[in-house]
1. Which whole-number value in Å² is the accessible area per residue of the chain, probe 1.4 Å?
2. Relative contact order of region 31-311: what whole-number percent is it, with Cα pairs under 8 angstrom and at least 6 residues apart?
3. For the chain, give the percent of accessible area contributed by carbon and sulfur heavy atoms, probe 1.4 Å, rounded to a whole number.
4. If R0 is 22 Å, what FRET efficiency do you get for Thr66 and Asn133 from their C-beta distance, rounded to 0.05?
5. Put a dot 7 Å past each Cα toward the Cβ at Gln126 and Lys299; how far apart are the dots in nm?
6. Run through all the Cα pairs of the chain and give the fraction in each 10 Å bin from 0, expressed as whole percent.
7. For the charge dipole of the chain, defined by +1 on Lys and Arg C-beta atoms and -1 on Asp and Glu C-beta atoms about the Cα centroid, which residue among Gly276, Leu320, Gln70 has the Cα displaced farthest towards the positive pole?
8. Can you give me the span-like helices of the chain, meaning DSSP H runs with 20 Å or more of Cα extent along the axis and Kyte-Doolittle mean at or above 0.0?
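The values are calculated or read from the model by the stated rules, or taken from the named source; none is laboratory data. Given the structure is predicted, the values throughout are model-derived calculations rather than measurements. No Cβ is skipped: glycine too gets one built from the backbone with ideal geometry, and neighbour counts run over all protein chains shown. Note: areas computed on protein heavy atoms with side chains; ligands, DNA, RNA excluded. Shrake-Rupley method; radii C 1.70, N 1.55, O 1.52, S 1.80 Å.
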Amino acid sequence: MVVLSQPALELDHNSLLRTCRATASSADIPEIDLSHADAKSRIVKAFEEFGFCKLINHTIPMDSITKLEQEALCFFKLPQSEKEKSLPPDPLGYGSKNIGPNGDEGWIEYFLLNANPLPIPSGNHQSLLAAVNEYVPAVKKLGSEIVELITEGLNVKARNAVSRLLNDEKSDSCFRVNHYPPWPEEGAAMGARNLLGFGEHTDPHIISLLRSNNSAGLQIRLRDGAWVAVPADEAAFFVNVGDALQVMSNGRFRSVVHKVVAGAAKERVSMIYFAGPPPSERIAPLPEVLGDGEESLYKEFTWWEYKTAAYKTRLADYRLGLFEK
């Protein structure tokens, strides 16, 4: 089966999704105050229109965020040879330039590790892993709160219908820290523009929770195809709808296409928690989101089947096309 690109499918999807905005700007990106009583309805609306929102008044301590960011920057300043020694079987997986297995590249370096279970702090990177172990459980808890607000907003009977997947002992969640260095001097001198840090893609998981330092670069693509820059806010979190949640909502929510453009003046550090279900979990629309006589837009599949298929694609490929009816 041929993997279709996102643009190839957008005409069909846009004919189904008639609530799209004609135009939008960075000022229109939804901001959700988690302390407000209407947070759940606002998140549902944001996910319907953008597949993305900004969270303020979250409960994650700023000192935990700052500590991990500082530890990550110390790691990325190490000699290249020392960073590369952190590849598996060490629990810390380091990568540079090559984003995926199929030729996708960017102006980036990163480390990626399993979030369930978290690695035991030990070895040369004990302080970094200790900071990860402090930070990730707090973000996981926030992720569970977000999806429970979503299920309430969708009138799903079981409040934990989705959060139970994140909290399952076999949950396939991961944590990634991306580092986008400033442009090299020769690039800045040449007046380089729009150096691609991370190419356009959707996230395959249920949701992604992202926090970055006070530097710009993140952009999301609207349903009309326009790209919008996301203003930096080091105190806030940003939430992406993932491919799995798109299926669970039967297309009511759409996984947001996004990318990162590197900058010349300041390095960018982003920390992303990808909340995933257990590998054997079957992914299908929640019964409550299907109206009378409405059928699923997708073939049922396991999370493992989807991950395996997605791994074979390029970043910009529309991976859910393989599983649409």
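1. Values: 14830 Å² over 325 residues.
Dividing the accessible area of the chain by its residue count gives 46 Å².
2. Values: 543 pairs, mean separation 61.5, N = 281.
That works out to 22 percent.
3. Values: 7790 of 14830 Å².
Carbon-and-sulfur percentage of accessible area, whole number: 53.
4. E(calc), rounded to 0.05, equals 0.90.
5. For the pair Lys299/Gln126, the computed spacing is 5.1 nm.
6. Once binned at 10 Å, the Cα pair distances of the chain give 5, 26, 36, 24, 7, 1, 0.
7. Leu320
8. Values: long enough: 62-76 (21 Å, 0.30); 126-153 (41 Å, 0.41).
TM-like helix candidates: 62-76, 126-153.
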